[in-house]
Every structure is written in C-alpha cells, then in structure tokens.
Amino acid sequence: MKVTLLRKQGSARITMKVLYLELEQHLKSSSGASVVAIDNKIEQAMDLVKSHLMYAVREEVEVLKEQIKELVEKNSQLEQENTLLKTLASPEQLAQFQAQLQTGSPPSSSQSQGTTQQPAQPASQGSGPSA
C-alpha cells in the first residue's frame with residue numbers, strides 16, 4: 001500500500017522533471033516566447049501532476065476500502081464465533097473467564113487446555129450447519 005503510493009509519487013516527480021526540462025528547453029530555443037505560452041506550459045505541468053496524484057489517491061482509497069471490507073467480515077465472523085462459544089461454555093467456565101478478565105491474569109496451561117478442549121468439539125459440530 002505504501003509502496004504503491006511511493007511509486008506514484010516517484011512517477012509524479014519524474015513527470016514533473018521531464019516537463020520542467022521540456023519547458024526549459026523550449027524557453028531556450030525560442031527566445032521570443034510569449035508569457036502566455038509559458039503560462040500554458042506551467043498550467044499543463046500542474047494539471048499533469050494533479051492527475052497523477054489524484055490517480056494515486058483513488059488507488060489508495062480502493063485498497064483501503066477493500067481492507068475495511070475484509071476487516072468488517074472478519075469482525076462479524078469473530079462475533080459469531082464468540083457467541084457460539086459463549087453458548088457452549090459451562091457456567092463454571094464463564095465464571096472462571098470473567099474472574100481472569102477482572103484480575104488481568106492469563107489462564108494457566110491446565111485451565112486453558114480444559115476450557116478449549118470442551119467447546120472445540122461441539123463448536124466444530126455447531127459450525128457445520130451455519131456454513
């Protein structure tokens with residue numbers, strides 16, 4: 001994502017340099033060039049840079065929209081999984097989990113194995129019909 005933006009910015013810089021060199025060459029070759037012609041070249045260069053930047057921004061917006069969509073889908077999936085696990089957990093497991101949340105302590109290895117093994121079997125059976 002950042003690489004794409006940097007490439008677009010690099011492309012815009014190169015384009016601007018080329019336009020600047022063309023403008024400089026044009027001014028040197030035509031000593032009697034009018035101010036209007038110079039203004040037109042500058043305006044063309046600015047328009048080109050603007051269009052390159054707008055393209056880069058639009059591309060970045062599309063990438064971000066896709067990431068947001070994926071994150072919303074993942075969030076929904078995790079919420080469904082959380083709801084399912086809550087319904088399958090025993091009251092003792094829920095109480096133990098709440099106590100761990102309040103104390104901020106992670107579950108011990110024997111407790112986490114016991115709590116993850118019990119819901120894992122019914123969860124796989126329960127997730128089949130919902131898919």
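If R0 is taken as 30 Å, the Cβ-Cβ distance between residue 88 and residue 68 corresponds to a FRET efficiency of 0.45.
Available extension along the chain between residue 98 and residue 43 is 13.3 nm, counting 0.36 nm per residue and deducting the alpha carbon span. Please give me the summed charge of the neighbours of residue 44: other residues whose Cβ is under 15 Å from its Cβ, Lys and Arg +1, Asp and Glu -1. Surrounding charge for residue 44 is -2.
Values in this text are rule-based calculations from the coordinates and carry no lab data. This structure is a prediction, so every number in the text was calculated from the model and none was measured. In this analysis, Cβ positions are derived from the backbone assuming ideal geometry, glycine residues included, and neighbour counts consider all displayed protein chains.
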